[in-house]
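Asker: Questions regarding the structure given below will be posed in turn.
The values are calculated or read from the model by the stated rules, or taken from the named source; none is laboratory data. This is a predicted model, so every value here is computed, not measured. A quick note on method: Cβ atoms are made from the backbone with ideal geometry, for glycine too, and the neighbour counts reach across all protein chains shown. Note: accessible area is taken over every heavy atom of the protein model, side chains too, but ligands, DNA and RNA are not part of it. Shrake-Rupley method; radii C 1.70, N 1.55, O 1.52, S 1.80 Å.
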Amino acid sequence: LSGVTVVFTVLLFRIFKIKSTFEERRGLPVEANEVRIIRSERIDWHDYETIRKDGLRSGTGEHGKPAYLSAAESKNYDKLYKVNGFNAALSDKIPLDRAVPDIRHKGCQTKKYLKDLPSVSVIVPFHNEHWTTLLRTAYSVVNRSPPHLLKEVILVDDFSSKEFSKKPLDDYLAANLTKVRTIHLPERSGLIRARLAGAKEATADVLVFLDSHTEANINWLPPLLEPIAQDYRTCVCPFIDVIQYETFEYRAQDEGARGAFDWEFFYKRLPLLPEDLEHPTEPFKSPVMAGGLFAISSRFFWELGGYDEGLDIWGGEQYELSFKIWQCGGQMVDAPCSRVGHIYRKFAPFPNPGKGDFVGRNYRRVAEVWMDEYAEYLYRRRPHYRNIDPGDLSKQKGLRKDLNCKPFKWFMEKVAFDLPLKYPPVEPGDFGMGEIRNIGAPELCVDSGHKDRDQVVAVSECVKGTGKSAEQNFTLTWHKDIRVKGKTLCFDVSDPNDKADVTLYPCHGSQGNQYWRYDVEKQWFLHGGNPRCLDCDPGQKRLYVTKCDDQSKTQKWRLENVNLT
Ligand code: UD2
Ligand code: MN
C-alpha cells in the first residue's frame, strides 16, 4: 500500500512540476498583461432590445409624461395622499414597468464602459412605502440592469404596518420578480439600521442603495460601477431626477452640481468646477451625497464600519458616510450618465415614532465624531444641539482613530473649499434671507416671478442647485419688511379680507401693510399688527395671508438663512 502511495505522490508532484514549468515558459508577465488588456476593454452596455420595446409603449404616465386621474378614479385620492405624501392613487394607474425618458446628456448614448464590472446587490429600505411605488422601484432595477451584474435586490421592510408589506409582497416577488427578496425587521429600526441589515445579507461586490420610491433610468448601472472597478474606495452617486409627487412626471432636477450642506445641515449644492464642465459625461468629485442613492464597494463600506448604528430613524447618515469616505482615504463622485428618478414627497406622512428629536441627535453624533472645531458652526445656528445627549460615541471615535482619518479642516479646505462658513452671509442687522420654502409642500417656494409693482406674488417649484433664481431670494430686513433681492419692492398686503393676496409695492420702511415678522419656533411669517399668517394653496400655487392655525402645515415656512446673533 505504501508503495502505491509513494508512486501516486511522485506522479502528483510531476504533474504539478510540468504544469508550473509550462506556465513559466509561457511567462507569467505576459499573462498578467493579457489580463490587464482584457480588464480594460470597454463595451457598449446599452440593452437595445429593452430600449426598443420601451419606445413602443404608450399609456398613462408612460415615458414619464405627466398623468392625471379622471373624476371617477379620484375617489381614493385624498385617503392615499394623506398616508403617502404623494399621489399614490395615480401611481396605481401607471404601469409598474413604465418607460422613462432618456434625458441623459447626449454623450452618454455613445459612452462605453469597462467590460469587466463588479456584481451588484441593490438594497432598498422601506417603511410603509405604497405598494406600486415600491414595486416600480424593483421593476426598474431588474429591467434596466444587465442580468449578470445584478445579483439580487433586497427590500428591507422596516416594520411596516401596511398589509401588503408582509406575505402578499413576498408572494408577489416569488411569483414575478425572483431576483428580489425581502427582509422583515422585527421592530422599527429606521432607515440607517435597515440599510445596514440589507448590507449584511448582501453577497455581491458592490452595494447600491436606493430609496423605495425611485425609478432607475436607461443604462444606469455601468456608469455607477466603473469608477468603483477602477478604485474600490470611490463611492458613486447617480444624478437624482424628479418624479413629480402629483403627476408622476419624470424630469431633471438640473444638470449636475456638487453636494454640500449649510450650517443647519440642510442639503445644499455647490456649482460644478470649470474642469467638471469641460467633461459633461465624466464623473466629478462631490463633497457629500444627497443620501439615498449611491454605489459603494462592500469592501470599503465595511472597512468604514458601515453606518454608525447609533443613528436612528432618518437623517444625518448622508453626512456621516460622506465625511467618513473623504476623511478616511476614499472619494465621492457623481456620475452624470447614471440617472435615477426619486419622488420628493410633498410632506412626510409618518408620525414621529416616539423617539423625540432623532434628527437633532443624529446630527450631534455626526458633528461630535467627524467635524472637530467646525461643529461649532452647527451649534451656533442650532444652539439646542449642545444640550442633546448624543449617546455613546466611543466606537465611532475609535474607528476614526484606527483608520487614521484626516481632520475635518482638511475636508473643508481640500474638498468643500467653496462651502461658505456663513451660508451665505446675512446683512448686518437683517433678520434673515434666502429662499422661503413651504413645510407642507416642500417643493414649493415663494416666487416673485419677475413681477412688478402691484402684481401678486405666488409660490412655485423651488429652484434648486446652482443657478438659484433671484426671484426666490428674499430678505427679511431690520425694517421688518420682506424685500425682493436686488429690488426695492416689498411684500405688501392691503386687503383685510380672508386669504388676501400678497402684492409687491415699493418699500416704504414704515411697517403698516409691509410689516412682517418671522416666528422661528412656529415657522410662521406673520403679517400686520393684528397678525395673519402667510399661507399657500399648493394646488393653485396661490400665496395669501389668513388666520393663523397651529395645525396647518402650509402656514409653516423655512427661511433659508436666519441670523440668530
Ligand atoms: C433624503 C434621502 C434619504 C435619506 C434622507 C436622510 C435622497 C433622494 N433621499 O430624504 O435616502 O438619506 O435624506 O436620512 O437622497 N425609511 C425606513 N425607515 C424609516 C424611515 C424611512 O426604512 O424609519 C425608508 C423610506 O421608506 C425610504 C428611505 O428610507 O425608502 C428614505 O426615506 P425618505 O424617502 O423619507 O427620505 P428623503 O428622500 O426625504
Ligand atoms: Mn425618498
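Asker: Just how far, in whole angstrom, is the stretch 303-347 from the stretch 68-132 if you go by their alpha carbon centroids?
Answerer: 21 Å
Asker: Then there is this: Looking at the P(r) of the chain, how many percent of alpha-carbon pairs lie beyond 42 Å? Provide the component values of the computation, followed by the final result.
Answerer: Details: 44152 of 159330 pairs.
The calculated P(r) of the chain puts 28 percent of pairs beyond 42 Å.
Asker: When the accessible area of the chain is split by element with a 1.4 Å probe, what percent falls to carbon and sulfur?
Answerer: Numbers: 14200 of 25850 Å².
C and S fraction of accessible area: 55 percent.
Asker: What's the long-distance tail for the stretch 162-310, i.e. % of Cα pairs beyond 19 Å?
Answerer: For the stretch 162-310, the share of Cα pairs beyond 19 Å comes to 64 percent.
Asker: For the chain, find the longest principal axis of its Cα atoms and tell me its angle to the long axis of helix 167-176, 0 to 90°, nearest 10.
Answerer: 60 degrees
Asker: How about K422: which lysines have a C-alpha closer than 20 Å to its C-alpha, ignoring those fewer than 8 places off in the same chain?
Answerer: K268, K409, K414, K464, K468, K485
Asker: Could I have the simple spin-label model distance between L393 and D550, label points 7 Å from Cα toward Cβ, reported in nm to one decimal?
Answerer: Distance between label points: 3.5 nm.
Asker: Same structure, new question: Show that you can apply the helix-only estimate: for the chain, add -39,500 (n - 2.57) for every DSSP H stretch of four or more residues, divide by all residues, and state [θ] at 222 nm to the nearest 500.
Answerer: Numbers: 15 runs with 153 residues, N = 565.
Computed ellipticity for the chain at 222 nm equals -8000 deg cm²/dmol.
Asker: Residue separation times 0.36 nm, minus the C-alpha to C-alpha distance between A252 and F266: what's the value? Write out the running numbers ahead of the final one.
Answerer: Numbers: separation 14, 0.36 × 14 = 5.04 nm, distance 2.07 nm.
Value of the extension gain: 3.0 nm.
Asker: Return the subset of K115/K200; K79/K162; K75/K553 for which the Cα-Cα distance in this structure is over 18 Å, preserving the input order.
Answerer: Working: K115/K200 27 Å; K79/K162 14 Å; K75/K553 23 Å.
Going by Cα-Cα distance, K115/K200; K75/K553 fall outside the 18 Å limit.
Asker: Continuing with this model, one more query. Report the label-to-label distance for L421 and T60 in nanometres (one decimal), using points 7 Å from each Cα along the Cα→Cβ vector.
Answerer: So the two model labels end up 5.5 nm from each other.
Asker: Charges only on Cβ, +1 for Lys and Arg, -1 for Asp and Glu: so what's the dipole of the stretch 74-145 about the Cα centre, in debye to the nearest 20?
Answerer: 280 debye
Asker: Further, regarding this structure: Taking K and R as +1 and D and E as -1, what net charge do the other residues with C-beta under 13 Å from the C-beta of W516 add up to?
Answerer: Numbers: positive: K480, R483, R517, R532; negative: D430, D481, D492, D519.
Spelling it out: positives minus negatives among the neighbours equals 0.
Asker: Now, a different point. Based on alpha-carbon centroids, what's the gap between the stretch 217-296 and the stretch 150-194 in Å, whole number please?
Answerer: The distance from the Cα centre of the stretch 217-296 to that of the stretch 150-194 comes to 26 Å.
Asker: Can you give the % of DSSP beta bridges in the chain that are antiparallel, to the nearest 5? Before the final figure, lay out each step's value.
Answerer: Numbers: 54 of 80 bridges.
Expressed as a percentage, antiparallel bridges in the chain total about 70.
Asker: Related question: Can you count the Lys pairs in the stretch 318-404 with C-alpha separation below 29 Å, eight or more apart or on different chains? Walk me through the intermediate numbers first.
Answerer: Working: K324/K355; K324/K395; K324/K397; K324/K401; K346/K355; K355/K395; K355/K397.
Count of close lysine pairs: 7.
Asker: What is the Cα radius of gyration of the stretch 67-111 over 2.2 N^0.38 Å, N being its residue count? Don't jump to the answer; show the numbers that get you there.
Answerer: Working: Rg = 15.6 Å, N = 45, 2.2 N^0.38 = 9.3 Å.
Working it through for the stretch 67-111, the quotient is 1.67.
Asker: Report, please, the projected area of the stretch 311-363 averaged over directions, based on the convex hull of its C-alpha atoms, in nm². Walk me through the numbers before you get to the answer.
Answerer: Values: hull surface 21.3 nm².
Convex hull of Cα atoms, orientation-averaged projection: 5.3 nm².
Asker: Thinking of the stretch 484-565 as a set of Cα atoms, what percent of all their pairs are more than 22 Å apart?
Answerer: On the way: 787 of 3321 pairs.
Tail fraction, whole percent: 24.
Asker: Something else about it: Run the 1.4 Å probe and let me know the accessible area of R39, rounded to the nearest 10 Å².
Answerer: Rounded to the nearest 10, that gives 140 Å².
Asker: So what are the stretch 105-231's ellipsoid semi-axes, whole angstrom, largest first, if each one is the square root of 5 times an eigenvalue of the alpha-carbon gyration tensor?
Answerer: Numbers: eigenvalues 145, 47, 31 Å².
One finds semi-axes of 27, 15, 13 Å for the stretch 105-231.
Asker: Using only the alpha-carbon atoms, how far is helix 28-39 inclined from the longest principal axis of the chain? Give it as 0 to 90 degrees, nearest 10.
Answerer: So the inclination is approximately 30 degrees.
Asker: Accessible area per residue, 1.4 Å probe, Å², for the chain: what's the number? Before the final figure, lay out each step's value.
Answerer: Details: 25850 Å² over 565 residues.
Heavy-atom accessible area per residue stands at 46 Å².
Asker: Find out how many positive minus negative residues lie around P168, taking Lys and Arg as positive, Asp and Glu as negative, among other residues whose Cβ is under 13 Å from that of P168.
Answerer: Values: positive: K162, K166, K167; negative: D157, E163, D170, D171.
My count for the surroundings of P168 gives -1.
Asker: Which of the aspartates and glutamates could a cross-linker bridge to K53, judged by Cα under 14 Å and excluding same-chain residues fewer than eight apart?
Answerer: E62, D97, D102
Asker: Could I ask something else about it? Multiply the residue separation of K200 and L80 by 0.36 nm, subtract the distance between their alpha-carbon atoms, and state the gained length in nm to one decimal.
Answerer: Details: separation 120, 0.36 × 120 = 43.20 nm, distance 3.32 nm.
Length difference between fully extended and current span is 39.9 nm.
Asker: When only the heavy atoms of the protein chains count and the probe is 1.4 Å, how do R400, R386 rank by accessible area, highest first?
Answerer: On the way: R400 35, R386 105 Å².
Accessible-area ranking of R400, R386, largest first: R386, R400.
Asker: For R386 and K485 in one chain, what is 0.36 nm times their gap in residues minus the Cα-Cα distance, to one decimal in nm? Intermediate values should be presented prior to the final figure.
Answerer: Values: separation 99, 0.36 × 99 = 35.64 nm, distance 3.33 nm.
Once the chain is fully extended between R386 and K485, it gains 32.3 nm.
Asker: What is the sum of charges, Lys and Arg at +1 and Asp and Glu at -1, for the other residues whose Cβ falls under 15 Å from the Cβ of K179? Let's see the in-between values first.
Answerer: Working: positive: R144, K151, R181; negative: D97, E152, D170, E201.
Value of the local net charge: -1.
Asker: Tabulate in residue order the Karplus-calculated ³J(HN,Hα) for the stretch 183-188, using 6.51 cos²θ - 1.76 cosθ + 1.60 with θ = phi - 60°, rounded to whole Hz; enter x for Gly and Pro.
Answerer: 10, 9, 6, x, 8, 5
Asker: When we measure straight from the Cα of K166, which aspartates and glutamates land under 16 angstrom away, once same-chain ones fewer than 8 places off are left out?
Answerer: E129, D157, D158, E187
Asker: Rounded if a/c is under 1.5, else prolate if a/b beats b/c, else oblate: with a ≥ b ≥ c from the C-alpha gyration tensor eigenvalues square-rooted, which is the stretch 131-206?
Answerer: Details: a/c = 2.02, a/b = 1.21, b/c = 1.67.
The shape class here is oblate.
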